[in-house]
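The block underneath contains the structure these notes are about, expressed in structure tokens.
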């Protein structure tokens, strides 16, 4: 069986269960056993890279205030090189957000930092000529995309922590570019929601 995302589907569950390492209960242990069973069943899956020009792209997503314990949001991003996943991250945001737009704006901010690192690394290798182009970060939230492209700060976004506005600088500098993707096509979606909530496979 072939898949482009072998361990990706268990990332969200692993991120959530790791929060309870210090005081794990029976339900947490059952969840960890399920993750291990899933990984065992999918051990023969592997990444597939299509031919052609090597293109690095990223997908980012967030689930607004999804943590029942402290109402913090979950962020996730995926990097693909020619259709094959090369890096991903799923983590709880370290700040409480006021809106879906804010949560969705933080996710590509984190992805942009990773994009700059990956772009510099690939440039040093000298094997991907297209890496000089901005890395496209796909996002499914119009407000977050508009916020990243605005050159000036707006009164509605002045409360967002300054470190997340680094995304604006990276977009204006040409390191990355924000583009829209539908929620059903967003590869980062499984990193922010439980498997039962995912609409696509």
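Values as computed for the structure displayed
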{"item": "Residues satisfying the stated conditions in region 159-179, i.e. at pLDDT below 75 and more than 21 Å from residue 88 (Cα to Cα)", "result": "159, 160, 161, 162, 165"}
{"item": "Residue check for residue 156: farther than 15 Å from residue 63 by Cα and at pLDDT below 80", "result": "yes"}
{"item": "Those residues of region 114-139 which are in contact with a helix residue (DSSP H, G or I) (Cβ under 7 Å, 6 or more places away or on another chain) and in a helix (DSSP H, G or I), in sequence order", "result": "116, 119, 122, 123, 131"}
{"item": "Residues (closer than 21 Å to residue 119 by Cα, out of contact with any helix residue (DSSP H, G or I) (no Cβ under 7 Å at 6 or more places or on another chain) and not in a strand (DSSP E or B)) located in region 72-107", "result": "82, 83, 107"}
{"item": "Residue match in region 52-62 (condition: part of a loop (DSSP other than H, G, I, E, B), surrounded by fewer than 17 Cβ atoms within 10 Å (Cβ to Cβ) and at pLDDT 80 or above)", "result": "yes"}
{"item": "Which numbered condition residue 184 misses (of (1) closer than 21 Å to residue 88 by Cα; (2) in contact with a strand residue (DSSP E or B) (Cβ under 9 Å, 6 or more places away or on another chain); (3) at pLDDT 85 or above)", "result": "(2)"}
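The values are calculated or read from the model by the stated rules, or taken from the named source; none is laboratory data. Owing to the predicted nature of the structure, the values given are computational and were not obtained by experimental measurement. Cβ sites come from the backbone with ideal geometry, for glycine too, and all protein chains shown count toward neighbours.
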